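*Asks:* I am attaching a structure below and will ask some questions about it afterwards.
The values are calculated or read from the model by the stated rules, or taken from the named source; none is laboratory data. Being a predicted model, the structure only gives us computed values, none of them experimental. Using ideal geometry, Cβ is built from the backbone for each residue, glycine included, and neighbour counts are taken over all protein chains shown.
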Amino acid sequence: MYRSSRPSLVNFAVLLAVCAMLLGIATESRAADAKQKFRLAWTIYVGWMPWDYAEESGILKKWADKYGIEIEVVQLNDYVESINQFTAGAFDACVMTNMDALTIPAAGGVDSTALIVGDFSNGNDGIILKGKSSLADIKGQKVNLVELSVSHYLLARALDSIGASERDVKVVNTSDADIVAAAAAADTTALVTWNPQLSEILKTPGTHRVFDSSQIPGEIIDLTVVNSKTLQANPAFGKALAGAWYEIMALMEKDDDAGRAVRAALGKASGTDLAGYDAQLATTRMFYAPAEAVTFTKSAELAATMRKVAEFSFAHGLLGEGAPSADYIGIETAAGTVGDARNVKLRFDPAYMQMAADGGL
Amino acid sequence: MRSLINQRPGRGLRFALGVLPFALLLVAYVAASHARLAVNAHDKLLPAMSSFGQAIERFALRPSARTGEIQLWADTVASLRRLGTAVALSAALGLVIGILMGALPVAGAGLSPLVSGLSLVPPLALLPILFIVFGLGEVAKITLIVIGITPVIARDIALRVHEIPRELIVKAQTLGASSWQVMLRVVLPLALPRLFSAVRLALGAAWLFLIAAEAIAAESGLGYRIFLVRRYLAMDVILPYVAWITLLASLMDVALAQASHRLFRWARFGQLG
């Protein structure tokens, strides 16, 4: 056997390294005890741009210093990847929509809390038909969209509203990064997407917006989500995030020079300018005042929306194969728990927004 | 001499040494997966072996509730059809262009700079153009693969043709062969074995472009499925799909090597490798 001793030693060393790496992944998610350093991931979207400003302007650092912690802000290019990384434990907080919060971290068993309910889409997501101007004409068409995303949900709700179902169309999964190019192709006739791609496609003559998220107000919600265990062990993290967020909201809301300067900076960071960013804000219902966000979070409508989202997600297998019904995952809201109260994995917690509203931060 | 460099493992040992890394990787995976699942029973990043079993059962053995098809099979057929068409087209195009470039100096002067230039364009950067010109259907996906691998194959064939000893071509001409006959009877038989190895090497790139095209716009295919279920971190589906793709690619590689070995017995005389 001595013959093979050297090669297998080398193999063994390589494998030890691989094992160590895998175990590294395995233990990453355990670190939920009290700690000092936190990481927030964000991706470009009109309602999440304030996190970029929070980092750039030093406002977040100011709040983190106040609570004696450090917060690292990381911009990711890929939205789904950022949520996957959050689910895997690489980030303590991440921006995402209500539907993705349910289907990725919560369905993956990671107890998540919507710390900040930032806005809801009020026309930012829409359905476009080429050459036709009524939603009913979508029947029988191929529809390009990011499958299993909020676009898919919007399509399902739109079809619902005209008594049709997904069986009446053929869905083609199309990357959001390429959907503008896809729209230019001659054989593309129907699309569902969000801004800024939506307004970009609508600039082409012959395209019509036949349905948009302002017809289902409050159902596509943009959140800043935090790992529940981390938040429980470190309320300072939640306080620093909420404090910084609402300081920027107060600045952004005003139509004075300071407010315009902030919005221009946010627009520039998302590849447009003040006018372009203001146009996107017009179709976004921002909750500038924390009290508004608290009212929305406590409303019975939120619970009703989450029920619809859970049903859509279950029908598309997004809650996992182990899920026997849409009620499998519990969603805790102030107006009551949706689904299984013994398996709560997603929490809408207005506490930190309330503190901001009360000036208690 | 008993130096390490002179020691060759026997057959059994060689096999054991080959399997060992895979076995250790598997053990490491199971251990890591177990550790993660102990912390969070719903963890999706490193699923347990039983989850793989269920996912395989769901995707490979049971017809889908929505379409009535067996999904893994439908995805495989869709992907292999695209890949097969594209690789066959690229091989044919690459062979013709490569022989022209290599054998006819006039054609070479005209084609070489273009083909060299094209081989350096990153095909994925052309995707928006392909979509607008060819639409979002099969044609665009096949074209992406063809653009990606044809120039490489053509250049490889041209290099091979340049290696043909000048004497052989002169000899054929003294025997009365025309340019056409030299290309058909001397150059082509010498270029064909290289075509097979060029295609084998290009297969990796072809798979890459196939998966990329399917990730961007598709209704079926192996790449489509992986990028779709990635939306909810279904590693229990993704990892078996990756293993399946690896198996398919290895089988193709072996099949091409075997075919080349059988078809071109004569090519192994008079040259090494």
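*Asks:* Checking the conditions here, which among A:D111, A:D92 is surrounded by fewer than 23 Cβ atoms within 10 Å (Cβ to Cβ) and closer than 22 Å to A:Q354 by Cα?
*Replies:* Details: A:D92 fails: surrounded by fewer than 23 Cβ atoms within 10 Å (Cβ to Cβ).
Sole residue among the options that is surrounded by fewer than 23 Cβ atoms within 10 Å (Cβ to Cβ) and closer than 22 Å to A:Q354 by Cα: A:D111.
*Asks:* Which condition breaks for A:Q75 when tested against (1) touching a strand residue (DSSP E or B) at 6+ places or on another chain (Cβ under 7 Å); (2) within 16 Å of A:G238 (Cβ to Cβ); (3) away from chain B (no Cβ under 14 Å)?
*Replies:* A:Q75 satisfies all of (1) touching a strand residue (DSSP E or B) at 6+ places or on another chain (Cβ under 7 Å); (2) within 16 Å of A:G238 (Cβ to Cβ); (3) away from chain B (no Cβ under 14 Å) except (2).
*Asks:* Can you pull out the helices (runs of 4 or more DSSP H) entirely within the range A:148-231 that have at least 3 residues that are away from chain B (no Cβ under 14 Å)? Spell out how you get there, then give the answer.
*Replies:* Values: elements: A:150-161, A:179-184, A:197-202.
The qualifying helices (runs of 4 or more DSSP H) are A:150-161, A:197-202.
*Asks:* Identify all residues within the range B:195-244 that are among the small types (G, A, S), in a helix (DSSP H, G or I), within 14 Å of chain A (Cβ to nearest Cβ) and in contact (Cβ under 8 Å) with a residue 60 or more places away in the chain; write none if there are none. Write out each step before concluding.
*Replies:* Of all residues in the range B:195-244, those among the small types (G, A, S) come to B:197-198, B:202, B:204-206, B:212-213, B:215, B:217-218, B:220-221, B:223, B:234, B:243.
Now narrow it down to the ones that are in a helix (DSSP H, G or I): B:197-198, B:202, B:204-206, B:212-213, B:215, B:223, B:243.
Keeping just the survivors that are within 14 Å of chain A (Cβ to nearest Cβ) gives B:212-213, B:215, B:223.
Those that are among the small types (G, A, S), in a helix (DSSP H, G or I), within 14 Å of chain A (Cβ to nearest Cβ) and in contact (Cβ under 8 Å) with a residue 60 or more places away in the chain: B:A212, B:A213, B:G223.
*Asks:* Checking A:F12 against (1) at pLDDT 95 or above; (2) touching a helix residue (DSSP H, G or I) at 6+ places or on another chain (Cβ under 9 Å): exactly one of these is not met. Which one?
*Replies:* Of the numbered conditions (1) at pLDDT 95 or above; (2) touching a helix residue (DSSP H, G or I) at 6+ places or on another chain (Cβ under 9 Å), the odd one out for A:F12 is (1).
*Asks:* Here is a follow-up. A:G68 is checked against (1) touching a Phe, Trp or Tyr at 6+ places or on another chain (Cβ under 7 Å); (2) under 20 Å from A:N227 (Cα atoms) and fails just one. What number does that condition carry?
*Replies:* It is condition (1) that A:G68 fails.
*Asks:* Modelled with pLDDT of 95 or more and either surrounded by 13 or more Cβ atoms within 10 Å (Cβ to Cβ) or not hydroxyl-bearing (S, T, Y) (or both): does that describe B:A91? Walk me through how you get there before you give the answer.
*Replies:* On the way: modelled with pLDDT of 95 or more: yes; either surrounded by 13 or more Cβ atoms within 10 Å (Cβ to Cβ) or not hydroxyl-bearing (S, T, Y) (or both): yes.
For B:A91, the condition - modelled with pLDDT of 95 or more and either surrounded by 13 or more Cβ atoms within 10 Å (Cβ to Cβ) or not hydroxyl-bearing (S, T, Y) (or both) - is met.
*Asks:* Just to be sure I understand, how many residues within the range A:310-339 are within 14 Å of chain B (Cβ to nearest Cβ), surrounded by 20 or more Cβ atoms within 10 Å (Cβ to Cβ) and farther than 18 Å from A:A156 by Cβ?
*Replies:* Selection size over the range A:310-339: 2.
*Asks:* Go through the range A:134-146 and report how many residues are crowded, with 21+ Cβ neighbours inside 10 Å and either under 15 Å from the mean Cα position of the chain (by Cα) or within 14 Å of another protein chain (Cβ to nearest Cβ) (or both). Spell out how you get there, then give the answer.
*Replies:* Within the range A:134-146, the subset crowded, with 21+ Cβ neighbours inside 10 Å is A:138, A:143-146.
Those still in the list that are either under 15 Å from the mean Cα position of the chain (by Cα) or within 14 Å of another protein chain (Cβ to nearest Cβ) (or both) too: A:143-146.
Number of matching residues: 4.
*Asks:* Also, I was wondering about something else. Just to check your reading of the model, which residue among B:A28, B:A48 is at the interface with chain A (Cβ under 10 Å from one of its Cβ atoms), within 22 Å of B:V242 (Cα to Cα), modelled with pLDDT of 90 or more and surrounded by 15 or more Cβ atoms within 10 Å (Cβ to Cβ)? Show your work before the answer.
*Replies:* Details: B:A48 fails: at the interface with chain A (Cβ under 10 Å from one of its Cβ atoms).
Exactly one of B:A28, B:A48 is at the interface with chain A (Cβ under 10 Å from one of its Cβ atoms), within 22 Å of B:V242 (Cα to Cα), modelled with pLDDT of 90 or more and surrounded by 15 or more Cβ atoms within 10 Å (Cβ to Cβ), namely B:A28.
*Asks:* Please determine whether any residue of the range B:124-131 is of a type in the set (V, I, T) and in a helix (DSSP H, G or I).
*Replies:* yes
*Asks:* Which residues, counting only those in the range A:271-290, are surrounded by fewer than 20 Cβ atoms within 10 Å (Cβ to Cβ) and over 17 Å from the mean Cα position of the chain (by Cα)?
*Replies:* Scanning the range A:271-290 gives A:G271, A:T272, A:D273, A:L274, A:A275, A:G276, A:D278, A:A279, A:A282, A:Y288, A:A289.
*Asks:* Next up: Can you tell me which condition B:W73 does not meet? The list is (1) more than 24 Å from the chain's Cα centre (by Cα); (2) exposed (fewer than 14 other Cβ atoms within 10 Å of the Cβ), and all the others hold.
*Replies:* Looking at each condition in turn, B:W73 falls short on (1).
*Asks:* Those residues that are free of Cβ contacts under 8 Å to residues at least 60 places away in the same chain and in contact with an Asp or Glu (Cβ under 9 Å, 6 or more places away or on another chain), I need them from the range B:70-95; list them, please.
*Replies:* B:R81, B:T85
*Asks:* Consider A:S214 carefully, then state whether it is within 18 Å of B:A215 (Cβ to Cβ) and at pLDDT 90 or above.
*Replies:* On the way: within 18 Å of B:A215 (Cβ to Cβ): no; at pLDDT 90 or above: yes.
The answer is no for A:S214.
*Asks:* Follow-up. For the range A:300-328, which positions are assigned to a loop (DSSP other than H, G, I, E, B) and touching a residue at least 60 places away in the same chain (Cβ under 8 Å)?
*Replies:* Narrowing the range A:300-328 to residues assigned to a loop (DSSP other than H, G, I, E, B): A:316-328.
Within the range A:300-328, A:H316, A:L318, A:L319, A:G320, A:A323 qualify.
*Asks:* Next question, about the same structure. Working carefully through the options B:R185, B:R160, find the one that is closer than 19 Å to B:S260 by Cβ, assigned to a helix (DSSP H, G or I) and either among the basic types (K, R) or within 14 Å of chain A (Cβ to nearest Cβ) (or both). Even if it seems obvious, please write down each step before you answer.
*Replies:* Details: B:R185 fails: closer than 19 Å to B:S260 by Cβ.
After ruling out the rest, the residue left standing is B:R160.
*Asks:* When residues of the range A:206-255 are filtered for being at positive phi and either under 19 Å from the mean Cα position of the chain (by Cα) or without any contact (Cβ under 8 Å) to a residue 40 or more places away in the chain (or both), how many remain?
*Replies:* Here is the first cut: in the range A:206-255, the residues at positive phi are A:206, A:218.
Adding the requirement that they be either under 19 Å from the mean Cα position of the chain (by Cα) or without any contact (Cβ under 8 Å) to a residue 40 or more places away in the chain (or both) leaves A:218.
Counting residues in the range A:206-255 that are at positive phi and either under 19 Å from the mean Cα position of the chain (by Cα) or without any contact (Cβ under 8 Å) to a residue 40 or more places away in the chain (or both) gives 1.
*Asks:* Right, another one. Is there a residue being within 19 Å of the chain's Cα centre (by Cα) and of a type outside the set (G, A, S) anywhere in the range B:211-221?
*Replies:* yes
*Asks:* Would you check which residues across the range A:180-204 are under 16 Å from A:Y45 (Cα atoms) and not charged (D, E, K, R) and list them? Explain how you work it out, then say what you get.
*Replies:* First, pick out the residues of the range A:180-204 that are under 16 Å from A:Y45 (Cα atoms): A:193-200.
Once the filter is applied, which keeps residues that are under 16 Å from A:Y45 (Cα atoms) and not charged (D, E, K, R), the range A:180-204 yields A:T193, A:W194, A:N195, A:P196, A:Q197, A:L198, A:S199.
*Asks:* If only one of B:R36, B:R8 is loosely packed, with under 15 Cβ neighbours inside 10 Å and within 11 Å of chain A (Cβ to nearest Cβ), which one is it?
*Replies:* On the way: B:R36 fails: loosely packed, with under 15 Cβ neighbours inside 10 Å.
None of the other options fit; the residue is B:R8.
*Asks:* Any residue at all in the range A:84-99 that's of a type in the set (S, T, N, Q) and out of contact with any Ser or Thr (no Cβ under 9 Å at 6 or more places or on another chain)? Give the derivation first.
*Replies:* Looking only at the range A:84-99, we keep the residues that are of a type in the set (S, T, N, Q), and these are A:84-85, A:87, A:97-98.
Subset that is out of contact with any Ser or Thr (no Cβ under 9 Å at 6 or more places or on another chain): A:84-85.
The answer is yes, given that some residue of the range A:84-99 is of a type in the set (S, T, N, Q) and out of contact with any Ser or Thr (no Cβ under 9 Å at 6 or more places or on another chain).
*Asks:* Please enumerate the residues belonging to the range A:51-72 that are in contact with a helix residue (DSSP H, G or I) (Cβ under 7 Å, 6 or more places away or on another chain) and either under 30 Å from B:I216 (Cβ atoms) or within 14 Å of chain B (Cβ to nearest Cβ) (or both).
*Replies:* A:D52 - this is the single residue of the range A:51-72 that is in contact with a helix residue (DSSP H, G or I) (Cβ under 7 Å, 6 or more places away or on another chain) and either under 30 Å from B:I216 (Cβ atoms) or within 14 Å of chain B (Cβ to nearest Cβ) (or both).
*Asks:* Quick one: which residue in A:R342, A:R307 is surrounded by fewer than 18 Cβ atoms within 10 Å (Cβ to Cβ) and either at pLDDT below 95 or among the aliphatic types (A, V, I, L, M) (or both)?
*Replies:* Numbers: A:R307 fails: either at pLDDT below 95 or among the aliphatic types (A, V, I, L, M) (or both).
Step by step, each of A:R342, A:R307 is checked, and only A:R342 is surrounded by fewer than 18 Cβ atoms within 10 Å (Cβ to Cβ) and either at pLDDT below 95 or among the aliphatic types (A, V, I, L, M) (or both).
*Asks:* Tell me whether the range B:169-180 contains one or more residues that are within 14 Å of chain A (Cβ to nearest Cβ), surrounded by 14 or more Cβ atoms within 10 Å (Cβ to Cβ) and either part of a helix (DSSP H, G or I) or basic (K, R) (or both). Don't jump to the end; show me each part of the working.
*Replies:* At the first step, the residues of the range B:169-180 found to be within 14 Å of chain A (Cβ to nearest Cβ) are none.
Within the range B:169-180 (the criterion being within 14 Å of chain A (Cβ to nearest Cβ), surrounded by 14 or more Cβ atoms within 10 Å (Cβ to Cβ) and either part of a helix (DSSP H, G or I) or basic (K, R) (or both)), the answer is no, since none of the residues qualifies.
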